[in-house]
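Asks: Dumping the structure here so I can ask a few things about it.
Here, each number is a calculation from the coordinates, and none is a lab measurement. Bear in mind that the values here come from a model prediction, so they are computed numbers and not experimental data. Note that we place each Cβ from the backbone using ideal geometry, even for glycine, and neighbour counts take in every protein chain shown.
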Amino acid sequence: MVKKMVLGTRVDLVSQSEAVNMVSGWIEVGGKTRVVATAYSEFFVAALGDKAFRMALEGSDLVTPDGIGPLAAIRYQLLSAQCSWTICHLLTGFRVGVDILRGRVGQPVSGYWLFETLVAKAAKEGWSVFLLGGFGETAEKLAQKLETEKTRKLKVEYEGGARNEAEMTGEANEVVIEKINKFKPDLLFVAYGPVKQEKWLAENKGKLRVKVAMGVGGTFDEALGLVREAPVAFSKYGLKWFWRLLQQPQRLTRIFKATFVFAWLVFVDSLKNKNLRN
């Protein structure tokens, strides 16, 4: 597994099959709780100003590139490392854009894809799954859907979890952890929202009796069909952000950070590295 750094935060270059095989191996072997993070562009921007979040990602056992953004950044870093002039850095950016359109930046391992794949494998292997978080009755409805659609071998439990940040600590949090540990799931999926869920897992990893835990953001909503999944073409050509904007215009600020701000920061970082080399 090759480890790379994007804006000072680690990401692991693994294929989809490698990610699934790693998680499967951890479940089969057991032992300590393993944590998986699926990092998309916004994560790297957020980690710049949030040390606790950056450390949570660093402490994860696997950090997959969720989307084209991180992969394009790594490709850009590799190509721009030979640049001595600013114009070269700019032209390299255009070259990476062409590589994205040609599908040459690598294979993303998105949170939604990994969730769907692992749940399908859990149904086949008889693994137990715990759904934590989501808005309102989302976790309960998804648990019912999975139990209906999948084979009877799939064992599912759920908990709405924290309704606010105050409930992510203290007595209420201990009650949630106790319920999780009583079930002893093979897979724990946490939907407390990006950044919050990664911090929660980092803070509570030592208390959890689970084999593999993973933050999934809004994946529960996608799995229930409340949010339409981006068409393959949008994902393939790095335009999933545009699809999200069309579906959820209220996410404009987040999408702006994950696209334009992220790209600008990667560009500036490459110029800083150029100056250090010179």
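Asks: What list of ³J(HN,Hα) values in whole Hz, one per residue of region 196-211 in order, does the Karplus curve 6.51 cos²θ - 1.76 cosθ + 1.60 (θ = phi - 60°) give from phi, with Gly and Pro shown as x?
Replies: So the J values, rounded to whole Hz, are 4, 5, 5, 5, 4, 5, 5, 6, 10, 3, x, 8, 7, 9, 10, 8.
Asks: Relative to the longest principal axis of the C-alpha atoms of the chain, give the angle of the C-alpha long axis of helix 16-29, reported between 0 and 90° and rounded to the nearest 10°.
Replies: 40 degrees
Asks: Follow-up. Could you list which residues have their amide H under 5 Å from that of Tyr158, counting only those 5 or more apart in sequence or on another chain, with H placed in the peptide plane?
Replies: Long-range HN contacts for Tyr158: Leu131.
Asks: Using a Förster distance of 41 angstrom, determine the FRET efficiency expected from the C-beta separation of Leu90 and Asp50, and round it to 0.05.
Replies: On the way: r = 29 Å, r/R0 = 0.72.
According to the calculation, E is roughly 0.90.
Asks: Mind checking which lysines have their Cα closer than 16 Å to the Cα of Lys211? Skip sequence neighbours fewer than 8 apart in that chain.
Replies: Qualifying lysines at Cα under 16 Å: Lys32, Lys121, Lys155, Lys179, Lys182, Lys184.
Asks: Give the distance, in whole Å, between the Cα centre of region 1-69 and the Cα centre of region 88-118.
Replies: Centre-to-centre distance over Cα atoms comes out at 16 Å.
Asks: Can you list residues from other chains, or at least 5 along the same chain, whose modelled amide H is less than 5 Å from the amide H of Val6?
Replies: Val11
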